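Some notes on the structure that comes next.
Values in this text are rule-based calculations from the coordinates and carry no lab data. These numbers were taken from a predicted model, which means no experiment stands behind them. Every residue, glycine as well, gets a Cβ built from its backbone with ideal geometry; the counts of neighbours run over all protein chains shown.
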Amino acid sequence: MRHLLTGFEFSQDEYLAVLEEAAAMKKDPAAFADTLKGRAAAIMFEKPSLRTRTTFEIALFRLGAHGVYLDLQGGDLGKRESIGDYARNLSRWTDCLVGRVFSQHTLEELAATGSVPVINALSDLYHPAQAIADYMTIKEHLGTLEGTSLAYVGDGNNVANSLLVAGAALGVNVSCFCPLGHGPDIQIFNKAAEIAKKHGCKLEVVADPSKIQGFDALYTDTWVSMGDNTPLDQVKKIFMPYQINDTLVAQSGAKCVLHCLPAHRGYEITDEVMDGPLSVVFDEAENRLHIHMALLAMLIEK
Ligand code: CP
Ligand code: NVA
């Protein structure tokens, strides 16, 4: 049984297989209508979602399976009964647990106690399914991934961590431009950097935004992630030099601009860039669906 908890579980070949399968599913979804016929997954969310929830539900439907949404935003997971008992119950009825959680430990506990695959739909540390959809989008727009360069600009959060992990496996050079003290998780970075070496690419963390030059793709995300109650305006001063605006896009030389969404227009990205010719943010949102189909088909045992 395989899980997708961090993104470190997949080899380069497996990442490439998911990308290839997702592209086939995008082209001809009807051909996959019976892939998971009669199967079911629980979709458990401790935090809000538009894209991830919708696309997992539709992905299951398109594969012939059913998704049961469990709203855990009241903080119920582990309260009414233990996380282990939750996983043991759900494993009797479903074939997969898709979880968006505050703590990565919750996903690990679900995986350790349940008997079906667990897919990380965002945690404090990772957003692996997002990163795979992002690389699918970059591949569509640049034609290739290996040897390309991505500049992630802003807060070194869960999305940045996952772009490093998946990028390293796919041979992408990933540079994170983050204010000092806001870089990606150092342990995740170091582990991903070892993988990058094997695939002939480089990862780096840089504080100086004037060095954002000569990149193929630009990426940003919110400066304050879910679960952190810091008002955006409080961090605006340190993050503003990292805003993706027309000047930064021109300086970077990038051919496409990504954002996992939801966007805070006027903060990490301007309207001009979001709605401009290089923005691929809605392709990226669409690709969440195709990647989720491919991941569910790969991880749910037939
Ligand atoms: N990008 C992303 O995960 O969006 P949602 O929070 O709306 O699911
Ligand atoms: N870093 C963001 C991603 C949202 C999809 C968060 O965790 O809130």
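Using the Karplus curve 6.51 cos²θ - 1.76 cosθ + 1.60 with θ = phi - 60°, work out ³J(HN,Hα) for each residue of segment 177-192 in order, rounded to whole Hz, and write x for Gly and Pro.
Ordered by residue, 3J(HN,Hα) equals 9, 9, x, 4, x, 10, x, x, 4, 5, 5, 5, 4, 4, 5, 5 Hz.
Sequence-distant or interchain residues sharing an amide H contact under 5 Å with residue 68, placed H: which?
41, 42, 43
So which of 27/139; 47/79; 37/302; 139/255; 139/191; 27/255 end up more than 19 Å apart, counting from Cα to Cα?
Values: 27/139 15 Å; 47/79 16 Å; 37/302 10 Å; 139/255 12 Å; 139/191 24 Å; 27/255 24 Å.
Listed pairs above 19 Å: 139/191; 27/255.
Sorted from largest down, what three extents in whole angstroms do the Cα atoms of segment 106-245 have along their principal axes?
Between the extreme Cα coordinates on each principal axis of segment 106-245 lie 49, 38, 26 Å.
Taking just the alpha-carbon atoms of segment 1-54, what radius of gyration and Dmax come out, in angstrom?
Every Cα atom of segment 1-54 included, Rg and Dmax give 13.9, 33 Å.
With springs only between Cα atoms under 10 Å apart, run a GNM on the chain and tell me which of 263, 65, 250 wobbles the most.
Maximum fluctuation in the GNM of the chain, among the listed residues, is at 250.
Given the Cα-Cα distance of residue 204 and residue 233 and 0.36 nm per residue of separation, how much length would full extension add, in nm? Each step should come with its number before you reach the end.
Details: separation 29, 0.36 × 29 = 10.44 nm, distance 2.77 nm.
Fully extending the segment from residue 204 to residue 233 adds 7.7 nm.
Using only Cα atoms and rounding to the nearest 10 degrees, what angle (0 to 90) does helix 104-113 make with the longest principal axis of the chain?
The angle comes out near 20 degrees.
Can you compute the helix-only [θ] at 222 nm over the chain? Use -39500 (n - 2.57) per DSSP H run of at least 4 residues, normalise by all residues, nearest 500 deg cm²/dmol. Intermediate results must be reported in sequence, preceding the final value.
On the way: 11 runs with 128 residues, N = 302.
Here the helix-only value at 222 nm equals -13000 deg cm²/dmol.
What nm value, rounded to one decimal, do you get for the distance between residue 278 and residue 187 when each label is placed 7 Å out toward the C-beta?
Label-label distance for residue 278 and residue 187, simple model: 3.6 nm.
Where q = 0.07, 0.15 Å⁻¹, what log10 of I(q)/I(0) comes from the Debye formula for the chain, counting one point per Cα?
-0.25, -1.16
Using the Kirkwood radius over C-alpha pairs as Rh, can you work out the diffusion coefficient of segment 240-302 via Stokes-Einstein at 37 °C, viscosity 0.692 mPa s, in µm² per second? Mind showing how you got there, number by number?
Details: Rh = 13.2 Å.
The Stokes-Einstein estimate is 249 µm²/s.
Grab the Cα-Cα distance for residue 30 and residue 250, subtract it from 0.36 nm times how many residues apart they are, and report the gain in nm with one decimal.
Values: separation 220, 0.36 × 220 = 79.20 nm, distance 4.08 nm.
Length gained, residue 30 through residue 250: 75.1 nm.
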